[in-house]
Number of protein chains: 2
Amino acid sequence: MPCHRSVKIADKVIVGGGFPVSIQTMWKEPLDSSNLMEAVKRIDGLSKLGCDILRFAVPDISAAETLGVLAGLVPMPLVADIHFDWRLALRCLDFPISKIRVNPGNIGASWKVKEIVDKAQEKGVPLRIGVNAGSLPKDLALEAEKGGDEERARAIVEAAEREVRAFEKLGFENLIVSMKASDVPTTLAINRLFSSRHDYPLHLGVTEAGPLIAGIVRNTAALVPLLAEGIGDTIRVSLSDSMEAEVQAGREILSCAGIGRAGVNLVSCPRCARAGFDTHAFTAKWASRLYSLKKNATIAVMGCVVNGPGEGRHADLGITGAGEKVVIFRKGKIVRTIWPDEADTAFEEELEKLHE
Amino acid sequence: MPCHRSVKIADKVIVGGGFPVSIQTMWKEPLDSSNLMEAVKRIDGLSKLGCDILRFAVPDISAAETLGVLAGLVPMPLVADIHFDWRLALRCLDFPISKIRVNPGNIGASWKVKEIVDKAQEKGVPLRIGVNAGSLPKDLALEAEKGGDEERARAIVEAAEREVRAFEKLGFENLIVSMKASDVPTTLAINRLFSSRHDYPLHLGVTEAGPLIAGIVRNTAALVPLLAEGIGDTIRVSLSDSMEAEVQAGREILSCAGIGRAGVNLVSCPRCARAGFDTHAFTAKWASRLYSLKKNATIAVMGCVVNGPGEGRHADLGITGAGEKVVIFRKGKIVRTIWPDEADTAFEEELEKLHE
């Protein structure tokens with residue numbers, strides 16, 4: 001069931017309550033405190049690609065300090081990911097960190113969890129409970145291991161419910177919940193089960209999803225059906241690849257679930273021996289630029305005369321090979337016929353016109 | 001509905017009739033006739049990755065000759081993709097080409113189509129009717145343009161049905177059918193509609209699906225639900241990327257549809273600031289080797305102590321960072337603790353043992 005509750009992430013993004021599903025990614029290396037402007041620049045690029053929320057692992061106190069400083073330098077809401085040491089969460093809450101992800105199971109004594117909760121309450125910062133199928137409490141792990149798929153799903157949901165109850169007892173309900181498994185059927189089952197029982201916003205994802213190709217297939221197969229059912233309020237596509245790839249995949253997943261946002265829809269040919277135009281090189285060179293445009297437009301990068309003109313007809317802007325030349329279309333009309341080495345300049349000019 | 005008819009591709013692969021769904025890709029550049037052994041080697045690699053059928057565009061007579069020669073050099077069934085000129089199809093049929101893909105709509109006069117059909121009949125070679133949403137006959141294109149999604153789907157299916165009827169009139173039923181669109185809802189609708197009406201094997205794919213990320217998301221979102229419903233007998237994941245990427249994506253899609261084949265299931269961490277081990281570099285280096293193994297095994301490439309050991313427990317072989325060291329697991333038991341620069345050698349040794 002869609003979630004009615006909503007959680008505010010620093011007055012910038014609202015998760016749940018029927019607000020647009022937000023896209024997250026996670027920083028992949030330690031932050032370089034001596035060069036935070038580099039991070040600021042990269043975050044600006046991620047924002048242009050469609051990233052709404054950015055998470056950072058905080059393995060030690062100096063990571064907390066650096067992240068805290070960075071949070072004051074960028075408009076994007078930053079999230080601290082905390083394991084084991086509750087003091088890291090407390091320190092992060094001294095800075096404009098927009099959300100804390102905790103796994104209360106590995107924080108230890110309940111007074112430590114209470115200290116986090118009290119400070120988050122005071123600061124108005126939401127917490128995300130992040131349960132991973134691979135690290136359940138022992139009794140539930142045993143239940144999950146010996147049971148079938150259904151028992152496994154129930155055990156994972158139960159792990160999340162224990163955490164939710166613990167927070168509720170402390171009077172804290174400013175929560176987002178995630179339950180992640182590394183396979184598609186479990187991901188579908190646990191999110192459907194939880195959303196049928198609770199009204200907390202759900203953060204969807206597949207954990208340890210794998211390298212680029214496997215990871216995108218698994219995330220798509222799991223997230224598209226859930227999102228199409230109205231389940232899921234924010235997503236993170238985990239990939240053993242770049243943050244930019246995760247954000248792009250997230251956008252395409254929202255789009256395939258029928259809840260896409262404004263932006264470029266890029267269609268392109270797989271290339272074959274007929275191709276007079278190298279669609280691979282052209283799309284690789286242009287993808288970031290195109291995905292960073294805010295305009296709703298279909299852009300077609302085609303290889304040859306067999307498929308090119310047909311699809312080009314529907315595109316707001318299209319480029320295709322035609323014999324030795326390259327042709328640029330707008331809404332089916334040929335506007336330029338050029339040599340391949342003029343393609344980039346001509347395409348840029350036509351792209352600019354698209355924005356007039 | 002699942003297809004009961006089956007079509008034999010050169011006594012090597014059976015498409016339809018409940019046989020395993022086969023994976024195809026398409027050669028992306030003109031064949032170099034002066035160095036066919038290079039192609040033979042690449043095709044062997046594709047076969048190891050899980051490719052069952054390989055298609056080549058045949059834009060002219062010399063391409064037909066070269067492809068014909070290559071077909072005699074490799075065990076993989078090769079398919080000729082013919083547009084416009086029926087003589088190219090006739091020439092291909094002089095060689096051990098396993099299937100011809102035609103778009104009868106652009107072949108022209110019916111006597112030309114009949115010549116192809118007669119020769120294919122005589123040689124026992126199946127034909128694939130390939131209809132693309134972007135190149136429908138004029139009357140149907142008009143219908144598709146002015147209607148909504150349903151009318152559009154009906155127009156595309158009608159285009160395929162016209163071709164099927166034309167072949168049936170010529171007494172030819174050794175057919176595979178594909179209908180491709182560049183978006184997910186149309187791809188779902190046309191294949192569901194066709195399979196509810198006809199019992200010909202279906203070749204599934206999304207046309208002009210886009211660059212790697214967008215293309216994988218769109219193909220997964222369209223193909224997984226169809227395959228899970230039993231619709232589709234062979235697939236080709238079109239990407240503006242390499243053939244190897246298309247085959248890997250195909251395998252993952254079959255796996256997510258619950259009809260995966262033997263082979264390695266690779267799970268891996270997205271990496272974060274906690275990671276003591278570079279999962280991106282390791283998976284990038286090992287992916288082809290791992291995906292070429294015939295063994296059913298789950299292999300986990302993890303970054304750190306938070307997620308690593310949990311997932312490592314389920315993996316037949318796992319590698320993860322642990323502080324400054326790297327740890328190799330087998331079924332949850334640590335078998336090696338090494339330095340990062342020893343990781344490749346140690347992993348190879350453990351991989352070999354997995355096959356004993």
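The values are calculated or read from the model by the stated rules, or taken from the named source; none is laboratory data. What you see is a predicted model; the values in this text were computed from it and never measured. Positions of Cβ are generated from backbone atoms using ideal geometry, with glycine treated the same way; all protein chains shown enter the neighbour counts. Heads up: the accessible areas ignore ligands, DNA and RNA and are worked out on the full protein's heavy atoms, side chains in. Shrake-Rupley method; radii C 1.70, N 1.55, O 1.52, S 1.80 Å.
For this structure, a couple of remarks:
- Each of A:195, A:301, A:140 was placed along the dipole of chain A (beta-carbon charges, centred on the mean Cα), and the one lying farthest toward the positive end is A:195.
- Drop in accessible area of at least 20 Å² in the complex versus isolated chain, residues of the stretch B:240-254, 1.4 Å probe: B:240, B:248, B:252
- Legend: residues B:314, A:198, B:280, sorted from most to least accessible area (1.4 Å probe; ligands, DNA and RNA excluded), read B:314, A:198, B:280.
- Burial order of peptide ranges B:216-223, A:41-48 (average beta-carbon count within 10 Å, highest first): B:216-223, A:41-48
- In the assembly of identical copies, residue B:333 has its label point, taken 7 Å from Cα in the direction of the beta carbon, separated from the corresponding points by 7.4 nm (ascending, one decimal).
- Put a plus charge on the Cβ of each Lys and Arg, a minus charge on the Cβ of each Asp and Glu, and nothing anywhere else: the dipole of the stretch B:157-278 about its Cα centre is then about 240 debye.
- Cβ crowding within 10 Å averaged over residues, with B:76-84, A:94-102 ranked highest first: B:76-84, A:94-102
- When chain B is treated as a GNM with alpha-carbon contacts under 10 Å, the residue of B:335, B:125, B:74 showing the greatest mean-square fluctuation is B:335.
- Only one residue of B:263, B:291, B:18 has its Cα farthest out toward the positive end of the dipole of chain B, where Lys and Arg carry +1 and Asp and Glu -1 on Cβ, and that residue is B:18.
- Restraint check, B:294/B:325; A:41/A:325; A:169/A:294, Cα-Cα greater than 32 Å: A:41/A:325; A:169/A:294
- Using 0.36 nm per residue and subtracting the Cα-Cα separation, the extra length available between residue A:151 and residue A:338 on full extension is 61.1 nm.
- Each Lys and Arg Cβ is given +1 and each Asp and Glu Cβ -1; about its Cα centre, the stretch A:30-85 then shows a dipole of about 280 debye.
- Peptide A:195-207 has a mean of 1 when you count, residue by residue, the C-beta atoms of other protein chains within 10 Å of its C-beta.
- Other copies of residue A:168: label-to-label distances in nm, shortest first, labels 7 Å along the beta-carbon direction: 5.9
- Other copies of residue B:197: label-to-label distances in nm, shortest first, labels 7 Å along the beta-carbon direction: 4.6
- Rounded, prolate or oblate (a/c below 1.5 giving rounded, otherwise prolate when a/b exceeds b/c) for the stretch A:6-256 by Cα gyration tensor: oblate
- Assigned charges on the beta-carbon of Lys, Arg, Asp, Glu; chain B dipole about Cα centre (debye): 580
- Sites residue B:196 and residue B:259 - FRET efficiency at Förster radius 25 Å, r taken between beta-carbons, to 0.05: 0.80
- Gap separating the Cα centres of the stretch A:245-307 and the stretch A:12-82, nearest whole Å: 26
- B:337, A:186, reordered so the largest accessible area comes first (probe 1.4 Å): B:337, A:186
- Inter-chain shielding of A:262-268 (mean C-beta neighbours from other protein chains, 10 Å cut-off): 5
- Mean ellipticity per residue at 222 nm, deg cm²/dmol - from DSSP H runs of n ≥ 4 across the protein assembly as shown, formula -39500 (n - 2.57): -13500 deg cm²/dmol
- Computed FRET value (nearest 0.05) for residue A:162 with residue B:44, which takes r as the C-beta separation and R₀ as 51 Å: 0.45
- Counting only other chain Cβ atoms within 10 Å of each residue's Cβ, the peptide A:77-88 averages 1.
- Among A:227, B:351, A:317 the positive-end extreme of the charge dipole of the protein assembly as shown (Cβ point charges): A:227
- At R0 = 45 Å, FRET efficiency that the Cβ-Cβ distance of residue A:330 and residue B:121 yields, to 0.05: 0.50
- Computed over neighbours whose Cβ is under 12 Å from that of residue B:159, the net charge equals +1, Lys and Arg +1, Asp and Glu -1.
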